[in-house]
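Asker: I'd like to ask you about the structure that follows.
The values are calculated or read from the model by the stated rules, or taken from the named source; none is laboratory data. These figures come from a predicted structure and were not determined experimentally. Glycine gets a Cβ as well: all are built from the backbone with ideal geometry, and neighbour counts include every protein chain shown. For the accessible areas, the whole protein counts, side chains as well, though only heavy atoms, and no ligand, DNA or RNA atoms are used. Shrake-Rupley method; radii C 1.70, N 1.55, O 1.52, S 1.80 Å.
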Amino acid sequence: MVGRVVLVVVLAWVAAAVVVLVLGLLDASHGINDVQQAKGRLSASDIVSRHPNEALAAAGREFDAANGLLHSPLLAPLDVVPVLGRQLRSVQDLSSASARVVHIGVRAIDDARSILHQPHHTGPERVTALRRLAQVATTTDAALEHVDTGPSSALLGPVASKHDTFVHDLADVRTRLHHASAVAATLAGILQGPQTYLLVMANNAEMRAGSGDFLEVGVLTTSDGHLTLSGLKPTVTIPVPPGKVTPTGDLAARWGWLKPGQDWRNLGFTPQFDVNGPLAAQMWQAETGQHVDGVLVVDVETLHRLLAVTGPITLPDRTVVTPDHVENFLVHDQYVGLTDNPTGAQAQAEALRQERLGTLAKATLDALQNETLDLRSVADAMTAATQGRHLLAWSAQSSAEDAWREGGVSGGLAGDSTLAAAVNRGGNKLDQYLSERAQLAITPHGASTDATLTVRLHDYTPPGQSQFIAGPYPGLGATYGEYLGLLAVNLPAQARNLRVDGHSTLAAFGAEGPAWVIATPVDLKMGQIEYITVRFSMPAHGHLTVVPSARLNPVVWRYRGVTHSDIAPFALSW
């Protein structure tokens, strides 16, 4: 009789424990789903709104409920059961850790939103806001450091997987917080000033590798949170005499034949802005005697994004530049009717064009400083500009350069970087009429992998364009609408046996920083399509990260039936 009673009690306990455990796991699962929703809304602009906090707050409630159930006294006897007890303790600890992380996240977002919604219209207010945001990131990182993720060894498959994923995600969050703190603190220091940055305007109508051509340059001065921009000069008017600035290393070995230390327009043949940024500073000092603390590159897409925040800009000649019109204005309309040898009225039009660009840049900067702006739009604009390599930064100060690198705006390559860049050498503005598509094929081959990258280039230049836009540039022997240039492909450091089908003559081949570069000449007549195939081998398992080309018409990549656009970096694995 007693045995039956004990059996009934045990069975009842088991049933109740199973119910409690299942309910706890369900609550935890719902919490994870809420976190994933919040993660999808955690862009910089969404911090300004309440979107992520609503999902995170819901996740916090789910994890709290799960934590209470999983720590129920009904489950206490399972702690002493070998193997099973360890799995339960791991799930309990992960539930507790998840709840704590969510609550820390909610508090951090609330603090950030509070800072961003306070007045920040004056220079000192902007500096203060940046310093406070940096402190929020640092404090949040410190709080996450003490989160206990529970046992990591002797876990069964599903539990081990959840544990490893949580630990990895937590480490990723802490890394991002460290980066955010560094960038915000660095920006505050630069704005506080006084500092001097070289501002380079790049035009995407004439592309280089990972950026537009460096066509205009001016000086940006910071002081007490305010920015002042000098007049911009065409880089073609300030060539550096031979011998004053000498490129070294991979830049000299791969691209020295283009004299990047003399001609500003040839700096961008390497996408490594952490290499050509300091060279630009040296060239400016060699030509003007002025030392600068860093270099910024802003292209047409960045201005487009910023005008979407400020609204239309009216230039002194009454030209109204709108967000929808600025790209076409800068890559096309300002060149209509111009030639490479302007005289008379054309020369006056060319001078006005150069003056307009500087005036537009100044007016945009003034609007950003003086007008009341929508913070969410500002965050969206800066996120898009930095992700797509439309905004690049280099600093002579190592701490600031580390922050630019961590913030993703240094323009440096990594060991897994891959970039397919059509580089214009035709002296025209035809990149607005060049379509580029890339297809990657991976074929396992024993202990390695055979890789094929096929790039399709299509020159669809329409008739009726000015000579300045569609050429031919004097002395090149080209025809109207002919795209002369290079296809420069960067590949990961692990790549081997690099070659281009049917191209025995290469423009560049070898190391480019931590990656490889292989470049071959391109000559496309108007309306022509060309396929260029690059072959290489990789380890049996691995990945590569596609670096944005910064083209206004993004490069479309296709891999294993999935299409990607290079508006931001993305990884491909096998």
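Asker: List, please: which pairs have Cβ atoms under 7 Å, are six or more places apart or on different chains, and start with a residue in the stretch 518-545 that is within 28 Å of GLN387 (Cα to Cα) and end with one that is of a type in the set (Phe, Trp, Tyr) and open to solvent by less than 60 Å² (accessible area, probe 1.4 Å)?
Answerer: Matching pairs, first to second residue: VAL522/TYR483; HIS541/TRP574; GLY542/TRP574.
Asker: For LEU506, work out the one condition from (1) within 30 Å of GLY337 (Cα to Cα); (2) assigned to a loop (DSSP other than H, G, I, E, B); (3) of a type outside the set (Val, Ile, Thr); (4) more than 26 Å from the chain's Cα centre (by Cα) it doesn't fulfil.
Answerer: The failed condition is (1).
Asker: Taking LEU177 and the conditions (1) within 28 Å of THR288 (Cβ to Cβ); (2) part of a helix (DSSP H, G or I), which numbered condition does it fall short on, given that it satisfies the others?
Answerer: Unmet condition: (1).
Asker: Another question, then. Of the conditions (1) farther than 29 Å from GLN334 by Cα; (2) surrounded by fewer than 22 Cβ atoms within 10 Å (Cβ to Cβ); (3) within 27 Å of the chain's Cα centre (by Cα), TRP255 clears all except one; give me its number.
Answerer: Status for TRP255: all satisfied but (2).
Asker: Right, here's the next one. Filter the stretch 226-251 for residues that are within 19 Å of TRP284 (Cα to Cα) and hydrophobic (A, V, I, L, M, F, W, C); which is surrounded by the fewest Cβ atoms within 10 Å (Cβ to Cβ)?
Answerer: VAL236
Asker: Can you pull out every residue in the stretch 204-225 that is of a type in the set (S, T, N, Q) and either open to solvent by 10 Å² or more (accessible area, probe 1.4 Å) or farther than 19 Å from LEU365 by Cβ (or both)?
Answerer: Selection gives ASN204, SER211, THR221, SER223.
Asker: I've got another one for you. Return the residue satisfying two criteria in turn: it lies in the stretch 114-142 and is in contact (Cβ under 8 Å) with a residue 24 or more places away in the chain and open to solvent by less than 20 Å² (accessible area, probe 1.4 Å), and of such residues it is farthest from ARG176 (Cα to Cα).
Answerer: Looking at residues that are in contact (Cβ under 8 Å) with a residue 24 or more places away in the chain and open to solvent by less than 20 Å² (accessible area, probe 1.4 Å), I get GLY123.
Asker: For the stretch 326-346, what are the residues that are small (Gly, Ala, Ser), in a loop (DSSP other than H, G, I, E, B) and modelled with pLDDT under 70?
Answerer: GLY344
Asker: Say whether the condition of being of a type in the set (D, E, K, R), touching a helix residue (DSSP H, G or I) at 6+ places or on another chain (Cβ under 8 Å) and outside any helix (DSSP H, G or I) is met by at least one residue in the stretch 139-149.
Answerer: Yes, there is a match, as at least one residue in the stretch 139-149 is of a type in the set (D, E, K, R), touching a helix residue (DSSP H, G or I) at 6+ places or on another chain (Cβ under 8 Å) and outside any helix (DSSP H, G or I).
Asker: On to the next question. Which ones in the stretch 220-240 are outside any strand (DSSP E or B), touching a residue at least 24 places away in the same chain (Cβ under 8 Å), within 28 Å of GLU206 (Cβ to Cβ) and of a type outside the set (A, V, I, L, M)?
Answerer: GLY231, THR235, PRO239 - these are the residues of the stretch 220-240 that are outside any strand (DSSP E or B), touching a residue at least 24 places away in the same chain (Cβ under 8 Å), within 28 Å of GLU206 (Cβ to Cβ) and of a type outside the set (A, V, I, L, M).
Asker: Looking only at the stretch 487-503, count every residue that is open to solvent by less than 10 Å² (accessible area, probe 1.4 Å) and either hydrophobic (A, V, I, L, M, F, W, C) or assigned to a loop (DSSP other than H, G, I, E, B) (or both) and tell me the total.
Answerer: Count: 6.
Asker: Take VAL309 and decide whether it is assigned to a helix (DSSP H, G or I), within 23 Å of the chain's Cα centre (by Cα), more than 26 Å from GLY471 (Cα to Cα) and of a type in the set (A, V, I, L, M, F, W, C).
Answerer: Yes: the conditions hold for VAL309.
Asker: Now a separate question. Just the residues that are open to solvent by less than 40 Å² (accessible area, probe 1.4 Å), modelled with pLDDT of 95 or more and hydrophobic (A, V, I, L, M, F, W, C), please, taken from the stretch 528-555.
Answerer: Across the stretch 528-555, the qualifying residues are ILE532, VAL534, PHE536, MET538, LEU544, VAL546, VAL547, ALA550, VAL555.
Asker: Moving on. Considering only residues that are assigned to a strand (DSSP E or B) and in contact with a Phe, Trp or Tyr (Cβ under 7 Å, 6 or more places away or on another chain), which ones fall in the stretch 188-216?
Answerer: LEU198, VAL200, ALA202, PHE214
Each row is one residue, and each column tells you yes or no for (1) among the charged types (D, E, K, R); (2) without any contact (Cβ under 8 Å) to a residue 40 or more places away in the chain; (3) open to solvent by 40 Å² or more (accessible area, probe 1.4 Å).
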| position | (1), (2), (3) |
| --- | --- |
| ARG389 | yes, no, no |
| VAL423 | no, no, no |
| SER435 | no, no, no |
| THR443 | no, yes, yes |
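Asker: Working only within the stretch 250-263, note down all residues that are within 14 Å of GLY277 (Cβ to Cβ) and modelled with pLDDT under 95.
Answerer: PRO260, GLY261
Asker: Okay, next question. When you check PRO271 against the structure, is it under 22 Å from ASP366 (Cβ atoms) and either in contact with a Ser or Thr (Cβ under 8 Å, 6 or more places away or on another chain) or surrounded by fewer than 23 Cβ atoms within 10 Å (Cβ to Cβ) (or both), yes or no?
Answerer: no
Asker: Now, a different point. Could you tell me how many of the residues in the stretch 487-506 are over 15 Å from THR454 (Cα atoms) and touching a residue at least 60 places away in the same chain (Cβ under 8 Å)?
Answerer: 3
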